[in-house]
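The block underneath contains the structure these notes are about, expressed in structure tokens.
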Amino acid sequence: MVMLQRFVFKRLRLFYSGNQEITKSLLTIFPAALLDGHRAAGHRAKSSLPDFKERTLIAVKPDGVQRHLVGQIIQRFEQRGFKLVGLKMLQVSEDLLSQHYCELRSKPFYPQLLHYMTSGPVVVMVWEGFKVVNTSRMMVGHTNPAEAKAGTVRGDFSFHISRNVVHASDSLEGAQREIQLWFENKELLTWDCCDQKLTCEEE
């Protein structure tokens, strides 16, 4: 309805562009929020669209790959409206894992974690979208699948913390560090996703 009103206003303004009195009358009839570039433009220096450029790293761990869950996990992020900008499958080296899990290297369970993450291929992705880091964490669920809610990836596909299917960056800073660790710049694409402006425009 709002889009239709904007369209009508633009057409009327164009038709009566030579008559200032009629143009002023139109401004009193249509709400300021619908003028889209006329009077409202003076009060809106920035675009009404939210920032889509936030990125996060999602990795399907070896158990998720072995259980053929990659497609279902990708589908969840696509259906949520996020944009895939990087994707690859690899056998992870111990050196890469030691950098990724640098804060866990002193933990007693680190050797088991290392064995688990090198036991098979990993599918790693970079997703882009509005508040994608926090939203992805909610979609993935609690680190311990036994405490993850139904509807989350871990809540639906796993039941023990030693095999929790997927990794998701826990903060903006963490996502930036992990993306740089797992991907080269040339492996990340910048492309326009046609549905983002349709699904995320603010009122």
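The values are calculated or read from the model by the stated rules, or taken from the named source; none is laboratory data. Worth saying up front: this structure is predicted, and the values here are computed from it rather than measured. For neighbour counting, all protein chains shown are included, and Cβ atoms are generated from backbone atoms with ideal geometry for every residue, glycine included. Side chains are part of the model used for accessible areas, which takes the heavy atoms of the whole protein and leaves out ligands, DNA and RNA. Shrake-Rupley method; radii C 1.70, N 1.55, O 1.52, S 1.80 Å.
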Exercise. Of all residues in region 129-146, which are closer than 24 Å to LEU172 by Cα and assigned to a helix (DSSP H, G or I)?
Worked result: VAL132, VAL133, ASN134, THR135, SER136, ARG137, MET138, MET139, VAL140, PRO145
For this session: Among the numbered conditions (1) touching a residue at least 40 places away in the same chain (Cβ under 8 Å); (2) open to solvent by less than 40 Å² (accessible area, probe 1.4 Å), tell me where GLU187 comes up short.
Result: (2)
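Looking at this structure, is LYS107 within 30 Å of CYS193 (Cα to Cα) and basic (Lys, Arg)?
No.
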Exercise. Would it be correct to say that SER25 is at pLDDT below 95 and either surrounded by 17 or more Cβ atoms within 10 Å (Cβ to Cβ) or not in a helix (DSSP H, G or I) (or both)?
Worked result: no
Problem set entry | Hits in region 158-183 - residues which are touching a residue at least 60 places away in the same chain (Cβ under 8 Å) and touching a helix residue (DSSP H, G or I) at 6+ places or on another chain (Cβ under 7 Å) | SER158, ARG163, ASN164, VAL165, VAL166, ALA168, SER169, LEU172, ALA175, GLU178, LEU181
Problem set entry | Test: residue in region 108-121 that is more than 20 Å from PRO62 (Cβ to Cβ), free of Cβ contacts under 8 Å to residues at least 60 places away in the same chain and not hydrophobic (A, V, I, L, M, F, W, C) | yes
Seminar exercise, completed: Scanning region 90-136 for residues that are surrounded by fewer than 13 Cβ atoms within 10 Å (Cβ to Cβ) and in contact with a strand residue (DSSP E or B) (Cβ under 7 Å, 6 or more places away or on another chain) gives LEU90
Exercise. Can you find even one residue in region 102-115 that is farther than 21 Å from ASN185 by Cβ and under 24 Å from the mean Cα position of the chain (by Cα)?
Worked result: no
Exercise. Can you find a residue in region 68-76 that is at positive phi and at pLDDT 95 or above?
Worked result: yes
Seminar exercise, completed: Subset of region 156-171, residues farther than 11 Å from ASN144 by Cα and open to solvent by 80 Å² or more (accessible area, probe 1.4 Å), comes to ASP170
